[in-house]
Amino acid sequence: MQIQQIYREYPGYTWVGNDTHRVLEWKPIAGIYSPPRLQNPMRVRTVPVSKEVEAMAGRLIGKNGCFLKWITERSRTDYIFFRHGVFEIWGSSERSVRFAVNLLHQHMEHHLAKKTN
């Protein structure tokens, strides 16, 4: 695979190293869909949400993604992204992904409860 193809097809991946040894490194790009597709092993879980929850997506995500970052760090997952009414959770272990899903559900329930009160 050519280096230029990596940037277009897999945003977030860059080649790092020197002239004799280069490795592909992944780092998420804030606000741009850039999941860790080339990492092994990787688990992915999708969490579709209702229109009501989708309408409050900005509050769920938080300023500069602070709530999703917190869930990502707390659950030790690699990546969480929201698009098209679905949260995607990417992690290297099933346990961390399940924990992230639970935290995300709790976070959504908290915001829904605040909305009704």
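The values are calculated or read from the model by the stated rules, or taken from the named source; none is laboratory data. What you are looking at is a predicted structure, and each value in this text was computed from that prediction instead of being measured. No Cβ is skipped: glycine too gets one built from the backbone with ideal geometry, and neighbour counts run over all protein chains shown.
Regarding F82, is this residue out of contact with any Ser or Thr (no Cβ under 6 Å at 6 or more places or on another chain), surrounded by 14 or more Cβ atoms within 10 Å (Cβ to Cβ) and either of a type in the set (A, V, I, L, M, F, W, C) or modelled with pLDDT under 95 (or both)? So F82 fits the description; yes.
Could you check, for segment 24-43, whether at least one of its residues is out of contact with any strand residue (DSSP E or B) (no Cβ under 7 Å at 6 or more places or on another chain), of a type in the set (S, T, Y), more than 22 Å from F99 (Cβ to Cβ) and loosely packed, with under 15 Cβ neighbours inside 10 Å? Break it down into steps so the answer makes sense when it comes.
Step one: of segment 24-43, the residues out of contact with any strand residue (DSSP E or B) (no Cβ under 7 Å at 6 or more places or on another chain) are 27, 29-32, 34, 37, 40-41.
This time we only want the ones that are of a type in the set (S, T, Y), so: 34.
This time we only want the ones that are more than 22 Å from F99 (Cβ to Cβ), so: 34.
In the following step, the residues that additionally are loosely packed, with under 15 Cβ neighbours inside 10 Å were identified as none.
No, because not a single residue in segment 24-43 is out of contact with any strand residue (DSSP E or B) (no Cβ under 7 Å at 6 or more places or on another chain), of a type in the set (S, T, Y), more than 22 Å from F99 (Cβ to Cβ) and loosely packed, with under 15 Cβ neighbours inside 10 Å.
Residue by residue through segment 50-109, note down the ones that are within 24 Å of N40 (Cβ to Cβ) and either in contact with a Cys (Cβ under 7 Å, 6 or more places away or on another chain) or in a loop (DSSP other than H, G, I, E, B) (or both). Listed by number, the residues that qualify are R76, T77, D78, S92, S93.
If you take the residues of segment 60-73 that are touching a residue at least 24 places away in the same chain (Cβ under 8 Å) and surrounded by 14 or more Cβ atoms within 10 Å (Cβ to Cβ), which of them is farthest from the chain's Cα centre (by Cα)? Among those that are touching a residue at least 24 places away in the same chain (Cβ under 8 Å) and surrounded by 14 or more Cβ atoms within 10 Å (Cβ to Cβ), it is L60. Might you let me know whether segment 94-113 holds any residue that is touching a residue at least 24 places away in the same chain (Cβ under 8 Å) and either in contact with a Pro (Cβ under 8 Å, 6 or more places away or on another chain) or of a type in the set (F, W, Y) (or both)? Yes, that holds for at least one residue.
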